[in-house]
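Single-structure report; data block below.
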Amino acid sequence: MPGRVHPYVVHFGAALLLTAVLLFLLGTLFRHRSWAASLLTAARWNLWLGAACALAAIGTGFLDYTSARCDAATIDATILHRRAGAVTWWSSLIAGIAAWRTRHRAPGPLLLGWLLVVGLAAGTATVLGSKLTYERGLGVDAATPGAAPLCFEAERERR
């Protein structure tokens, strides 16, 4: 179906969040260098923007899902992807608040550990989303027959 937005929006959140995790780790690892504070500032901005983009990705993903056609196995895979996206957003929101509260000092081990959770969740959601597109054809018009049910409606009927 033309007009799908999620594939265009989703990359920003994942890239910004994964970059934030990397910058936080590098900024902390090299905290005695003069440029480490700049890395941590860039990491915070990447985290905050990434959390906002992740929320936009969730919204556009939902909108695209309501008009997509798929089978039962694709619905199951989509539910996993959706849950990984939700964990990504919630964990990035919590990390963003923690990064704001600790913005005048280097992140501690608890925040760094939590950022690894953010990175793992973002990576998982990305892999699951890629599999939906490239293995199951979700969002690719020619991949799913026009007679297939709408994903969202079929999912609601299964409950």
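The values are calculated or read from the model by the stated rules, or taken from the named source; none is laboratory data. Computed from a prediction, not measured in an experiment: that's the story for all the values here. Here the Cβ is made from the backbone with ideal geometry for all residues, glycine too, and neighbour counts use every protein chain on show.
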Within region 17-59, track down each residue that is among the hydrophobic types (A, V, I, L, M, F, W, C), in contact with a helix residue (DSSP H, G or I) (Cβ under 6 Å, 6 or more places away or on another chain) and farther than 16 Å from I97 by Cα.
-> L18, L23, L26, F30, A36, L39, A56, A57, I58
Filtering region 113-159 down to residues that are part of a helix (DSSP H, G or I), of a type in the set (D, E) and modelled with pLDDT of 85 or more yields E153, E155, E157
Restricting region 112-122 to residues that are in contact with a helix residue (DSSP H, G or I) (Cβ under 6 Å, 6 or more places away or on another chain) and without any contact (Cβ under 8 Å) to a residue 60 or more places away in the chain, the one surrounded by the most Cβ atoms within 10 Å (Cβ to Cβ) turns out to be A121
Please verify whether region 67-80 includes one or more residues that are surrounded by fewer than 16 Cβ atoms within 10 Å (Cβ to Cβ), over 29 Å from R31 (Cα atoms) and polar (S, T, N, Q).
-> yes
Confirm whether A125 is of a type outside the set (D, E, K, R) and surrounded by 15 or more Cβ atoms within 10 Å (Cβ to Cβ).
-> yes
Scanning for something hydrophobic (A, V, I, L, M, F, W, C), farther than 15 Å from W114 by Cα and out of contact with any Lys or Arg (no Cβ under 8 Å at 6 or more places or on another chain), does region 69-77 turn up at least one residue?
-> no
Is it the case that F62 is exposed (fewer than 15 other Cβ atoms within 10 Å of the Cβ), touching a helix residue (DSSP H, G or I) at 6+ places or on another chain (Cβ under 7 Å) and aromatic (F, W, Y)?
-> no
